[in-house]
Amino acid sequence: MMMKHILLTLFGLTGLSLPAFGEGTFNGKVTSVTDGDTLTVAVADGKTFRIRLKGIDAPEKDQAFGDKAKAALSALVMGKQVRVNWSGYDDYQRLLATIYSGSTSINRQLIAEGWAWHYVFYDKNPQLNAAQTRARATRKGLWSGRNPIAPWDWRKKSKTNRPTTKAGSVRITSLLPNPKGRDEGNEQVTLVNTTKKAVALRGWSLRDKQKNTYPLSGTIKPNGRLVITMKNNRMPLNNDGDTITLLEGKTARQIFTYKKQQAGNGAVVKAGKK
C-alpha cells in the first residue's frame with residue numbers, strides 16, 4: 001500500500017499518469033458531467049480522467065429522472081475542485097471513485113437527495129445503504145415517482161427492446177478511436193452519402209453503448225464523404241471497443257461495433273472489418 005502511494009506522489013510531481021492497477025487520490029476540476037454517475041475531471045497538466053462514481057447507479061438518460069439526476073450532479077460539482085479517491089477501473093476504463101467536494105462525499109449526497117440508487121451488487125457500504133433507506137422513506141428525488149425502476153433493471157429491459165436498423169442515406173464507413181497522440185479532440189468518424197442528393201446532417205447524431213450522444217452538423221455532398229473530427233468530449237470513442245449507433249432523429253440507421261484489438265494506436269476501424 002505504501003508503495004502505491006509513493007508511486008502516486010511521484011506521478012503527481014511529474015504529470016499525473018495512473019497505473020493500470022491500484023488505488024490512490026488526486027485533485028482536479030470537474031469539466032463535464034455525462035449523466036448522474038459519470039463525469040470528467042481535469043488535473044493541473046490538462047490531462048482528463050473519466051470517472052464512474054463508485055457504489056451508486058443513477059437513472060439512465062432516457063429513463064425517468066435521468067435528466068434530473070444529471071442536473072443534480074452538475075449542481076454539486078460542475079466547474080468545482082474535487083478530490084478523487086479511486087480504487088480501480090470499470091469495463092469502460094473509467095476510474096471507479098468516490099468524489100469529495102470539501103468533506104462531502106458526492107456519491108453519498110446523490111443517494112441522500114434521491115437521485116441515485118445504492119449499487120449494492122458491487123458495493124456494500126453501509127453509509128450508502130443508510131442514505132438510500134432515508135431517501136426512500138421520505139420520498140426524495142426519484143423515490144417520489146410511482147414504482148421507480150432500478151437502472152440495472154432498466155438496462156436489461158432496454159437490451160430486449162433494441163431498435164432494428166433501417167438503412168438510410170448516410171453510413172459510417174470508418175472510425176478513428178485511438179489517434180496518435182492525444183485522443184481528446186482528435187477522434188474521427190467518416191461518413192458517406194449513398195445518394196445523388198446532398199444530405200444535411202441536422203437532426204443526425206451518434207450514440208455509444210453508454211447512451212452518450214454526439215450531434216452531427218454540416219452537409220454531405222451527393223455521393224460524397226465527410227470526416228467528422230470530434231472536437232469535444234461529449235462522446236469519447238472507447239479504445240477498448242464499443243457499439244456506435246448512427247441515428248436520424250430517433251431512427252437507428254446503422255449500428256457499428258468494433259473491438260479493442262481493432263483500435264490500435266492510429267488504426268482506422270473500417271465498417272465490416274472484424
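The values are calculated or read from the model by the stated rules, or taken from the named source; none is laboratory data. Fair warning: this is a prediction, and the values are worked out from it, not measured in the lab. Methodologically, a virtual Cβ is constructed for each residue, glycine included, from the backbone with ideal geometry; neighbour enumeration extends over all protein chains shown.
Might you let me know whether segment 194-203 holds any residue that is on the phi < 0 side of the Ramachandran plot, part of a loop (DSSP other than H, G, I, E, B), among the β-branched types (Val, Ile, Thr) and outside the structural domain of His118 (by TED's automatic domain parsing)? The answer is yes, given that some residue of segment 194-203 is on the phi < 0 side of the Ramachandran plot, part of a loop (DSSP other than H, G, I, E, B), among the β-branched types (Val, Ile, Thr) and outside the structural domain of His118 (by TED's automatic domain parsing).
The number of residues in segment 1-45 being at pLDDT 90 or above and among the small types (Gly, Ala, Ser) comes to 6. Is one or more of the residues making up segment 250-261 without any contact (Cβ under 8 Å) to a residue 60 or more places away in the chain, out of contact with any strand residue (DSSP E or B) (no Cβ under 9 Å at 6 or more places or on another chain) and closer than 24 Å to Asp90 by Cα? Among the residues of segment 250-261, not one is without any contact (Cβ under 8 Å) to a residue 60 or more places away in the chain, out of contact with any strand residue (DSSP E or B) (no Cβ under 9 Å at 6 or more places or on another chain) and closer than 24 Å to Asp90 by Cα, which makes the answer no.
Figure legend. Inter-residue proximity from segment 211-232: first residues at positive phi and at pLDDT 90 or above, second residues surrounded by 12 or more Cβ atoms within 10 Å (Cβ to Cβ) and not hydrophobic (A, V, I, L, M, F, W, C), beta-carbon distance below 7 Å, spacing 6+ or different chains. Indicated pairs: Asn223/Asn193. Quick one: would you say Ser174 is closer than 23 Å to Arg234 by Cβ, surrounded by fewer than 17 Cβ atoms within 10 Å (Cβ to Cβ) and hydroxyl-bearing (Ser, Thr, Tyr)? The answer is no for Ser174.
Looking across Leu246, Leu237, one residue alone is outside any loop (DSSP other than H, G, I, E, B), at negative phi, touching a residue at least 40 places away in the same chain (Cβ under 8 Å) and within 22 Å of the chain's Cα centre (by Cα). It is Leu246.
Of all the numbered requirements in (1) surrounded by fewer than 17 Cβ atoms within 10 Å (Cβ to Cβ); (2) closer than 21 Å to Ala71 by Cα; (3) among the hydroxyl-bearing types (Ser, Thr, Tyr), Ser217 misses one, and that requirement is (2). Is one or more of the residues making up segment 94-114 modelled with pLDDT of 95 or more and in contact with a His (Cβ under 8 Å, 6 or more places away or on another chain)? Within segment 94-114, one or more residues are modelled with pLDDT of 95 or more and in contact with a His (Cβ under 8 Å, 6 or more places away or on another chain).
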